[in-house]
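Here the structure is laid out as structure tokens; the discussion comes afterwards.
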Amino acid sequence: MNAKSVTILSGHILEETAKLSLAELCQSCQLPAEAMIELIDYGIISPCQGNTTKQWRFHSNTLIRVDKALRLRRDLGVNLSGAALVLELLDEVNELRAALCQTKFS
């Protein structure tokens with residue numbers, strides 16, 4: 001008898017111009033608002049507009065950043081301040097690579 005394994009994947013289609021409310025971001029990441037605000041406090045993510053939690057809007061790529069931070073915590077045991085530092089360094093590496101590519105082709 002052959003047993004077949006089926007993996008069910010789920011995901012979200014992201015639009016670059018889409019902006020998410022705090023509630024939508026929490027729902028997509030399956031995190032409570034308190035946990036999301038903690039990520040904001042550590043500088044891991046930040047709203048792109050709005051002054052109050054009800055007015056906050058986040059770029060859709062914030063979902064990717066939250067996922068990276070959560071994987072750093074889960075897989076490597078990194079605390080939030082460490083995750084913020086790692087993500088900041090990764091951003092710098094990406095910016096330097098982009099600048100290097102730009103100078104190569106200029």
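Nothing in this text is a laboratory measurement; each read-out follows from the coordinates by a stated rule. It should be emphasised that the depicted structure is a prediction, and the values quoted were computed from it without experimental measurement. Cβ sites come from the backbone with ideal geometry, for glycine too, and all protein chains shown count toward neighbours.
Values as computed for the structure displayed
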{"item": "Residue ranges of helices (runs of 4 or more DSSP H) in the stretch 10-106 with at least 1 members of a type outside the set (Phe, Trp, Tyr), without any contact (Cβ under 8 Å) to a residue 40 or more places away in the chain and crowded, with 17+ Cβ neighbours inside 10 Å", "result": "22-29, 33-41, 62-76"}
{"item": "Hey, residue 92 closer than 24 Å to residue 18 by Cα and out of contact with any Cys (no Cβ under 7 Å at 6 or more places or on another chain) or not", "result": "no"}
{"item": "Odd one out for residue 103 among (1) farther than 18 Å from residue 23 by Cβ; (2) touching a Gly at 6+ places or on another chain (Cβ under 8 Å)", "result": "(2)"}
